[in-house]
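What follows is a single structure, written as C-alpha cells, with notes after it.
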Amino acid sequence: QVQVVESGGGLVQPGGSLRLSCAASGPRFSRVVMGWFRQAPGKEREFVASISWTAGSTDYADSVKGRFTIFRDNAKNTVYLQMNSLKPEDTAVYYCAADPTRFITGRPKYDYWGQGTQVTVSS
C-alpha cells in the first residue's frame, strides 16, 4: 500500500515555472514507479511523466519534453515535477500516482492516486 499527497499548484504566467511535489510512503517503496498525470476541463486524464524510484529512469509525454523534469529526493521520499516554459494548454489538475507492481509485471498500473493540485497558466 502506497500513500501519495501532491502539492505546489497555483497560478503562473505563460513562460513561467512551477514545481509540484508529491510526498510518497509505503512498504517496499524502492520498487515503486511514480507518475504525474493531468486532466484539463472536458478532457481525459493524460500521462505527463514518470520515474523509477530505485533507478531514477524517467519517461515523458511528447508534449512536455524539454520543458518538464521529473526527479526524486530519496531522503524526503518526495518526487517533483519541475515545469518550465509553461503554456496555457498546460492548465489542468495535476495528479501524482504510484505504480507498485511495474517491476513485477512490466506493465503500467497506477493503483494509488493523490487528490490533485490545480495548475493554471494565464496572463
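Values in this text are rule-based calculations from the coordinates and carry no lab data. Not measured: the values here are computed from a predicted model. Note that each Cβ is placed from the backbone with ideal geometry, even for glycine, and that neighbours are counted across all protein chains shown.
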Spatially close lysines, pair count over the chain: Cα under 21 Å, gap of eight or more or interchain: 4
Please give the length that would be gained between Asn74 and Arg31 if that part of the chain were fully extended, namely 0.36 nm times their separation in residues minus their C-alpha to C-alpha distance (nm, one decimal). 14.2 nm
Taking trypsin sites (Lys or Arg not before Pro) that fall in a DSSP loop and have at most 13 other Cβ atoms within 10 Å as cut points, what is the longest piece of the chain between them? 66-108
Gyration tensor on Cα atoms of segment 52-120, a ≥ b ≥ c root eigenvalues, a/c under 1.5 rounded, else prolate if a/b beats b/c, else oblate, says prolate
Per-residue ellipticity at 222 nm for the chain, helices alone: DSSP H runs ≥ 4 residues times -39500 (n - 2.57), over residue total, nearest 500 deg cm²/dmol? -500 deg cm²/dmol
Return the FRET efficiency for the residue pair Lys109, Asp62: r is the Cβ-Cβ distance, R0 is 22 Å, and the value is rounded to the nearest 0.05. 0.50
As an exercise, use a Förster radius of 22 Å and the Cβ-Cβ distance of Asn84 and Lys43 to find the FRET efficiency, rounded to the nearest 0.05. 0.50
Residue-count net charge about Cys22 - beta-carbon cut-off 10 Å; Lys, Arg +1, Asp, Glu -1: 0
Among Val119, Met34, Gln82 the positive-end extreme of the charge dipole of the chain (Cβ point charges): Met34
Using a Gaussian network for the chain with springs between C-alpha atoms less than 10 Å apart, which of these wobbles most: Gly15, Gly66, Gly106? Gly106
